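> A single structure is presented below for examination.
Throughout, read-outs are computed from the coordinates displayed, never taken from laboratory work. Since the structure is predicted, the reported quantities are computational estimates derived from the model, not experimental observations.
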């Protein structure tokens, strides 16, 4: 089980970085020197998942402005990811995406991050923030039926990057707590 403050579990998965060839892998070490928001979702072509994935995409520039990369992960195949990205939104598709989805088809990464539901082979909605040194700094796991807040993810990322004691509901520009 991954623990906040410890090195994030290593991973290597095929991704949609190159949507034409589908031959590019993503590895934890690819993100060294940058922050990474990696989130697991249950399945392609479902109902709650596209709301999260497109919301993350809508805010991608804000994450990039914070020197942060985004990676979505499910246990679906790389071919399912491609079909979902390329399908228009009117056909329950994503209609394009500006960050990669990774295929954890063997379910090893979902197991390593302790989000796999063995009974159905899907992952819970786990979101992990990994710092530039590969240390897991934040994790939250939701039930499959509940979407996550992009605004809260951005707030937590900014709080982690602030490097101090952040009180409840802290926002960038507000004072940090002093000892």
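> Relative to the longest principal axis of the C-alpha atoms of the chain, give the angle of the C-alpha long axis of helix 150-162, reported between 0 and 90° and rounded to the nearest 10°.
40 degrees
> From the square roots a ≥ b ≥ c of the eigenvalues of the alpha-carbon gyration tensor of region 12-162, which class results: rounded (a/c under 1.5), prolate (a/b over b/c), or oblate?
rounded
> Using the Kirkwood radius over Cα pairs, work out the Stokes-Einstein diffusion coefficient for region 85-144 at 10 °C and 1.306 mPa s, in µm²/s as a whole number.
The calculation lands on 117 µm²/s.
> Once the Cα atoms of helix 49-58 and of the chain are each reduced to a long axis, what angle between those two axes, in degrees from 0 to 90 to the nearest 10, is obtained?
The angle comes out at about 60 degrees.
> Oh, and also: Anyone know which of 124, 36, 97 comes out most mobile in the 10 Å Cα GNM of the chain?
Top of the fluctuation ranking is 97.
> Hey, what did the chain get for relative contact order, percent, Cα under 8 Å, at least 6 apart?
26 percent
> Under a 10 Å cutoff between Cα atoms, tell me which one of 94, 127, 28 has the largest fluctuation in the Gaussian network model of the chain.
Ranking 94, 127, 28 by mean-square fluctuation puts 28 first.
> Provide the percentage of antiparallel DSSP beta bridges, counting only those with both residues in the chain; round to the nearest 5. Working shown, then result.
Working: 20 of 29 bridges.
Once the DSSP bridges in the chain are tallied, antiparallel ones form about 70 percent.
> Using a Gaussian network model of the chain with C-alpha springs under 10 Å, which one of 162, 102, 83 is most mobile by mean-square fluctuation?
Ranking 162, 102, 83 by mean-square fluctuation puts 162 first.
> Quick check: the distance between the Cα centres of region 57-101 and region 1-56, to the nearest angstrom?
10 Å
> Classify region 7-57 as rounded, prolate or oblate, taking a ≥ b ≥ c as the square roots of the eigenvalues of its Cα gyration tensor: rounded when a/c is under 1.5, otherwise prolate if a/b is larger than b/c and oblate if not.
Numbers: a/c = 2.00, a/b = 1.35, b/c = 1.48.
Oblate is the answer for region 7-57, as a/c is 1.5 or above yet b/c matches or exceeds a/b.
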